[in-house]
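Participant: One structure, as C-alpha cells, below. Some questions next.
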Amino acid sequence: MKKFIKQNKAFVYFIIFYSILLIFSIDNDPKNFANHAYHLEKAKLMSDGNGYSSIGIDGIVPESSITKFFFAFMISGVLKLFGNSFFYPRLFVAILSILSLILMYFIFEKRLSKKKRLLLISLTALNFHYFTYSGFVETEIPYIFFTFICIYLFDLYLKKEKISIIFFIGIFTVFTYLTRFIGMSLFIAILLHLILNKTKKKLDFEIIKSNLKNTVFYGIISSIILIIWSIRNKILGIGGIASNYLSPWMIFTPDWNTEKTYEISIIPIILKIIINIVGYLYFLPNLIFNGILSLKLNNFAHTVLESNNKLNFIINQDLNFLIYLGFYFFISFILISIIFFGYFNQIKKKITIIETYLFFNVAILMLYSDRVPRFLVALIPLIIYYLIKGMDKLIKNKIISKKIVSIFYIFLIIFSILSVFKITYEYKTNTEYDPNMKDFFDMALWANENIDSNSIILTNGKIGLAFFTNLIELPIRTIENSSELFKYIDDNNVNYIIVDSLENMEWVHNWKYRTKKNIIPTINKHPENFKEVHKIENTILYEYDKNKK
C-alpha cells in the first residue's frame, strides 16, 4: 500500500480531493424525485419486509420486473442501518462513485500511460454529469461500478484463466443488469469473448472445448437469477421479468403517459435509429463540455418537444440562434469524429472487452424508443477514454499539435472544476433548490400532517410520497380533456390534487407542463368540484368532490 501511494501520489491526492468535495455536496433535502422516488420507495418497502414491491391505490403489490431490483435491494440495506433518510442513500452512491474511479485507474493501467490515466479519471470525476449523478439516488453510478468490476475481473481471467474468476464475473454481471437492464450488453460482450478466447492464435479442439465449458458456466451463473425470478412471478401470478423495459424496443415512439402502442415495421425502426443518432449527437457536447455550450439549447430542445408543429417551430427561430445551433452540431460532429477515430484505431490494434461492450451498449441505445442525456452518463468514462485515444492518434499523425490538445484539456479541467464547485456551493446554500420545487415538497409534508393518511393525492410526477409521508400518490397522466380527467380521478378514487408551479422552473422536463395543460383548465372550468385547502405561494392543495358534478 505504501509503495502504491508513493508511486501514485497525484492519483491518491486527487481521490482525496474528489471524495471531500463530493461528500461535502451531499445533503438530506428531498429535492430530487421521479426516478429517485421510485428507488427510495421500493427500497423502503423492502426494508420494511414487503419484498420487491410498489405501492399505489391498490396497496402494496409485488413488482414483476426484475430490472433495477438490486439497486433497491442495496438501498434497502442502507435504510435498514440508518433509517429513512435522503442523505445516507446519496452517500452510498457517492462511495460507489469514488470506488469506480479507483477501479478505472487499474483497468486502464495497460491501456493508457500514468499521466493519461490521471487525465481520464480527472475529466470523468469532474464531469458535471458524473459528479451530479454521484450524489443522486440513481442507478447510473452503481451500474458503472459493477461494470468496471466485471471488466477488471475479465482482464484478470485472461491472465490467470481460473474458472473461479468466471464465477465472480457471472455474479457481478447479474448485478449490472439487475441495476440497469442495459447491463445485458456487458453479458453479451463477455459471452462473445469467452467463446472466441485464444481462437485467433490457435484453433484446435481443446481450445474450443475449454471455451464452450467456460461460456456455459458463465451463462448459467449469470442467468440463473432470471429462472428463479420467473418461478417467483409464476407463483405470485404476475407479469414478465422485464416486460416494462422490453416494450420500448417493440414500438416506434412510446407515450409513457397515454399508454399508446404502435405497430412494428421496418421504416419506423430505421427512423428510430436516425432520430436516436441525431438526438445523441445533440447531447454529446453538453456531456463533454459540462453544459458550457448548451444551456440555451437544452431549453430549445424541450420547447421543440412541446410544440405541435416541430418543423415550423425550428424554421421560425431567429437566424442567429440557428447559426448557433449549426455551430453546436458542428462541434458535436468534430467530437464524435475524434471519439470514433480513437475507437476504431483501438479496434485495429486489438478488440478488448471494452470495445465489444461499448458496441453492444450503443447498439441497444440506438434501438430504444426514447433518448435522454442520462442514458449516456453510464458511458462517460469510455467516451472520455476514446476522446483521449483519438486525440493521441491525431497528434501522432501530426493532424493537430500537442500544444493545442494540451490547451483543450486544461480548458476542460478548469471549467469542470468551476462547474463542480458551483454545484457544491449551490447544494450547500440551497440556491439550486428551485423555490417551485421546494413549495411542491413543503405542500406534500403539510398534507401528511393535516389530511387523512388514507387519502390518494394526484401529483405532477412521482415524488415518492410513500417514502417520506404516509400518503399515496397517483401521477398525473397526459389527458386530453376535462371528461377524461374526471374519469381518471374517479376511477382511482382521488381525494386531493396538488396544483404546482413547476412550469416556472428554469430546467425543463416534459412532465412539468402536465398541471398547466391538464389540471388547471379543468379546475377553472369546474370550480364547484375543487375546494382550496392550503396554499404555499403558487402551489395549491385542492380537495376533490365528485358529488358536485
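Just so you know, all these numbers are worked out from the coordinates, no wet-lab data involved. Worth saying up front: this structure is predicted, and the values here are computed from it rather than measured. Using ideal geometry, Cβ is built from the backbone for each residue, glycine included, and neighbour counts are taken over all protein chains shown.
Participant: Would you pull out the residues with amide H under 5 Å of Ile400's amide H, same chain only if 5 or more places away, H placed 1.01 Å from N?
Facilitator: Ile395
Participant: Right, something else. As an exercise, use a Förster radius of 51 Å and the Cβ-Cβ distance of Asp442 and Ile275 to find the FRET efficiency, rounded to the nearest 0.05.
Facilitator: Using R0 = 51 Å, I get an efficiency of 0.85.
Participant: Shifting gears a bit: Using mean Cβ contacts within 10 Å as the protection proxy, how do 142-150, 88-96, 179-187, 367-375 order, highest first?
Facilitator: Going from most to least packed, we get 142-150, 179-187, 88-96, 367-375.
Participant: Follow-up question, since we're still on this one. Between the stretch 337-370 and the stretch 94-136, what's the alpha-carbon centroid distance in Å?
Facilitator: Each part's Cα centre sits 19 Å from the other's.
Participant: Related question: Could you rank the peptides 125-136, 12-23 by their average count of other C-beta atoms within 10 Å per residue, with the highest value first? Please list the in-between numbers first.
Facilitator: Numbers: 125-136: 23.0, 12-23: 15.9.
Peptide ranking by packing, descending: 125-136, 12-23.
Participant: Give me a comma-separated list of calculated 3J(HN,Hα) values for the stretch 442-453, in order, Karplus coefficients 6.51, -1.76, 1.60 applied at θ = phi - 60°, integers in Hz, x for any Gly or Pro.
Facilitator: Here the 3J(HN,Hα) series is 4, 5, 4, 5, 5, 4, 4, 8, 10, 10, 4, 5 Hz.
Participant: Using the 10 angstrom Cβ neighbour count as an exposure proxy, how do Thr424, Thr459, Thr67 rank, fewest first?
Facilitator: In order of increasing Cβ crowding within 10 Å: Thr424, Thr67, Thr459.
Participant: Just to check I understand the Karplus step: with θ = phi - 60° and J = 6.51 cos²θ - 1.76 cosθ + 1.60, what whole-Hz values come out for the stretch 346-351, glycine and proline as x?
Facilitator: 5, 4, 4, 6, 6, 8
Participant: Based on the mean of other Cβ atoms within 10 Å per residue, sort peptides 37-50, 160-173 so the most packed one is first.
Facilitator: 37-50, 160-173
Participant: So which trypsin sites (Lys or Arg not before Pro) in the stretch 329-360 pass both tests, a DSSP loop state and at most 13 other Cβ atoms within 10 Å of the Cβ?
Facilitator: Lys350
Participant: Quick one: of Lys115/Lys160; Lys162/Lys198; Lys198/Lys350; Lys116/Lys396; Lys115/Lys403; Lys9/Lys159, which pairs are farther than 18 Å apart, Cα to Cα?
Facilitator: Those over the limit are Lys115/Lys160; Lys9/Lys159.
Participant: Oh, and also: List the residues whose amide H sits under 5 Å from the amide H of Ile456, counting only those 5 or more places along or on another chain, with H placed 1.01 Å from N in the peptide plane.
Facilitator: The list, which skips near neighbours in sequence, is Asn495, Tyr496.
Participant: Within a 10 angstrom radius of the beta carbon, how do Leu191, Leu376 rank from fewest other beta carbons to most?
Facilitator: By the 10 Å Cβ count, ascending: Leu191, Leu376.
Participant: Right, another one. Mind checking the full-extension length gain between Lys517 and Glu484? Use 0.36 nm per residue of separation minus the Cα-Cα distance, one decimal, nm.
Facilitator: 10.6 nm
Participant: By how many nm would the segment from Leu212 to Leu196 grow when fully extended, if each residue of separation counts as 0.36 nm and the alpha-carbon distance is taken off?
Facilitator: Length gained between Leu212 and Leu196: 4.8 nm.
Participant: Could you give each residue of the stretch 7-17 its phi-based ³J(HN,Hα) in whole Hz, using Karplus coefficients 6.51, -1.76, 1.60 with θ = phi - 60°, and x for Gly or Pro?
Facilitator: 3J(HN,Hα) across the stretch 7-17, in whole Hz: 7, 10, 4, 4, 5, 4, 5, 5, 4, 4, 4.
Participant: If R0 is 30 Å, what FRET efficiency do you get for Met1 and Leu96 from their C-beta distance, rounded to 0.05?
Facilitator: 0.90
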